[in-house]
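Step one of this worksheet: look at the structure below.
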Amino acid sequence: MTRIAVSTLALVALVAAVAAYVLTGTFLGSMPSIGFGWVTLVVIAAIDILLAVRIRSAISDNSVGQDRSQMHPLTIARSAALGQASAVLGSAATGVGVGLSLFFLLRLGDLAVADRELPAAVAVLVSGAVLVGAGLFLEASCQTPPDEDEPDGLAQPT
């Protein structure tokens, strides 16, 4: 499994930011409030970080294997996929947060809803960025350490 490219994450964020800005301008009257949906992103980020710490501990203790007392390699591979998915979701949320924040910032004096929605839009932006970091940390934690006989010390992802 190859690592996710930063350019992919940047493209997802850019497309989400443009879409959020345009769609907010189009559907502002019929959109629900942002609310506290961003809390879900923070919870997923916390789960990713806890899982990454546990996987790093299992890899450093050489307790990866198929015994019941060990962490299964398939669990680590699935966690790497979860890390990539979290990074993409966080990138999309960051883009949406940027688009919403920009839309509301530019209309702060004109729209009454801009005062109420701007803090939630910034919270979406920040929690999305936290999720990107947590996802990339989880993905990096799932890589196996390099073997002594591997050339250039390049580690293969699990």
**Mean Cβ neighbour count within 10 Å, used as a protection proxy, ranking 32-38, 54-60 highest first** = 54-60, 32-38
**Item:** Förster radius 30 Å - calculated FRET efficiency between D67 and I47 (Cβ-Cβ, nearest 0.05)
**Value:** 0.75
**Fill in**
With +1 at each Lys and Arg Cβ and -1 at each Asp and Glu Cβ, the charge dipole magnitude of the chain around its Cα centre, to the nearest 20 debye, comes out at 600 debye
**Item:** Rounded to 10°, Cα long-axis angle of helix 73-106 versus longest principal axis of the chain
**Value:** 20 degrees
**Asked** Residues with amide H under 5 Å of H72's amide H, sequence separation 5 or more or different chain, H placed in the peptide plane at 1.01 Å from N; which?
**Response** G65
**Spherically averaged projected area in nm², based on the convex hull that wraps the Cα atoms of segment 13-93** = 6.9 nm²
**Prompt:** Got a sec? What order do S101, S30, S63 fall in by accessible area at 1.4 Å, biggest, i.e. largest, first?
**Reply:** S30, S63, S101
**Asked** Which value in Å does the Kirkwood hydrodynamic radius of the chain take, with 1/r averaged over all unlike C-alpha pairs and then inverted?
**Response** 17.2 Å
**Request:** Take segment 39-83, drop everything but the C-alpha atoms, weight them equally and run the Debye formula without solvent; then report log10 I(q)/I(0) at 0.23 Å⁻¹ to two decimals.
**Result:** -0.78
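The values are calculated or read from the model by the stated rules, or taken from the named source; none is laboratory data. Values in this document were obtained by computation on a predicted structure and should not be read as measured data. As a convention, Cβ positions derive from the backbone with ideal geometry for all residues, glycine included, and neighbour counts pool all protein chains shown. Please note that ligands, DNA and RNA were not included when accessible areas were found on the heavy atoms of the full protein model with its side chains. Shrake-Rupley method; radii C 1.70, N 1.55, O 1.52, S 1.80 Å.
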